[in-house]
Amino acid sequence: MTPPVSSPFGPGFDWLSAVAAHCGADGLPDFGDRLGEAEAALSGDVIAPLADRGTIRVKGADADAFLQGQLSNDIRELTPTRGQLASYSNPKGRVLAIFAAIRVADEIWLETSRSLLASTLKRLKMFVMRSKVTIDDAGSEVISIGVAGPNADRVMEAAGLLVPSVLCLCAEIDGIVVMRRRGPQNRYTLHGPAARLSALWPKLAAHAQPVGAEAWRLTDILAGYPALHPETAEQHVAQMINLDKLEGVSFTKGCYPGQEIVARLHYLGNLKRRMFVARTAAETVTRGEAIVLAGSEGQAVGEVLDHALHPDSGRALLVVLHTSHADSTDLRIAAADGPSLALLR
């Protein structure tokens, strides 16, 4: 048996080389012009291979009961036509991973950052015990593509796809699940077998510009949709990264790891840190980097959660910040004399 050919783009994305994609120094695919792709992602119709994401597949008679006891959202409300956002936390309430959850036939797919997939999968498996649950990395069997833009609905209809009309609604056709995502423009993610999505790519590319994974992450950031990575995992309670505002937390579902901490913050109302969308002219930013006040002695008042190249120079960021500094105009990155940071919302 011939071993599978490894791909620089990650499992399931070996076909990207045939559609003129490049692999950047950060390991993410692009199409040769990241600045132009970022600009297109903000104003035009685009499609993006989400090679920075992977899918954990959960199935078995006890799958729902198992995830109900592990994740922040109410799995009982997950249906083939209704996806949801959910988080997985440690007992101290610190978020380990963020999922877009989708129900497909007798399976539940949990899309998450590929950089955290292996560690998250290992931890989930620790708690299976005698439950009738199978959990694995869907690898190249399930991949994701993003479609966004003012005419994204027509782009997908031209490719023969169904178009969900409401946030988090899902629609399935020919084994491909479409999920409507949050954003100021129409945004969707397509989930399904690599072979089917690779075959669908030319039909989508006939009506939309291919862009890289970083350009898609820019749209996520500007939509206020967080992603975690090894540098930022286990640092924040769900509300600190706005998962409650994004309908990623149920306060009525019952127990799960960290639930007591999350509930206490919700009912006592003493949350002191929140996530904000921001901009900086700095060309280089690091996840987890401190946010400090200009002129101070360098004491951190927040940190960078995520960032992406912005077409108007510099970076767009998600930052977690002490709420007492939400109106500050003196924020800096890394040091009191570091690059300035402006909050957008």
Take Thr79 and tell me if it is of a type in the set (S, T, N, Q), within 27 Å of Phe251 (Cβ to Cβ), open to solvent by less than 10 Å² (accessible area, probe 1.4 Å) and out of contact with any Gly (no Cβ under 8 Å at 6 or more places or on another chain). no
Residues located in the stretch 286-315, provided they are open to solvent by less than 40 Å² (accessible area, probe 1.4 Å), hydrophobic (A, V, I, L, M, F, W, C) and either over 19 Å from Thr329 (Cα atoms) or part of a strand (DSSP E or B) (or both): Ala290, Ile291, Val292, Val301, Val304, Leu305, Ala308, Leu309
With the structure loaded, tell me whether Thr219 is over 22 Å from Leu67 (Cβ atoms), open to solvent by less than 10 Å² (accessible area, probe 1.4 Å), part of a loop (DSSP other than H, G, I, E, B) and not small (Gly, Ala, Ser) or whether it fails that test. no
Looking only at residues that are hydroxyl-bearing (Ser, Thr, Tyr) and under 23 Å from Gly36 (Cα atoms) in the stretch 286-334, which one is farthest from the chain's Cα centre (by Cα)? Ser313
Of (1) more than 14 Å from Glu214 (Cα to Cα); (2) out of contact with any Gly (no Cβ under 9 Å at 6 or more places or on another chain); (3) in contact (Cβ under 8 Å) with a residue 24 or more places away in the chain, Thr280 satisfies all except one. Which? (2)
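Residue by residue, here is whether (1) free of Cβ contacts under 8 Å to residues at least 40 places away in the same chain; (2) under 19 Å from Leu246 (Cβ atoms) holds:
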| position | (1), (2) |
| --- | --- |
| Leu16 | yes, no |
| Asp33 | yes, no |
| Gly69 | no, no |
| Leu85 | no, yes |
| Leu96 | no, yes |
Just checking, which of Gly69, Gly32 is surrounded by fewer than 21 Cβ atoms within 10 Å (Cβ to Cβ) and farther than 30 Å from Arg130 by Cβ? Gly32
Output the number of residues of the stretch 272-285 satisfying the condition of being open to solvent by 40 Å² or more (accessible area, probe 1.4 Å), assigned to a loop (DSSP other than H, G, I, E, B) and either closer than 20 Å to Tyr88 by Cα or not hydroxyl-bearing (Ser, Thr, Tyr) (or both). 3
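The values are calculated or read from the model by the stated rules, or taken from the named source; none is laboratory data. Since the model is a prediction, treat every value here as computed from it, not as a measurement. Positions of Cβ are backbone-derived with ideal geometry, glycine not excepted, and every protein chain shown enters the neighbour counts. Note: accessible area is taken over every heavy atom of the protein model, side chains too, but ligands, DNA and RNA are not part of it. Shrake-Rupley method; radii C 1.70, N 1.55, O 1.52, S 1.80 Å.
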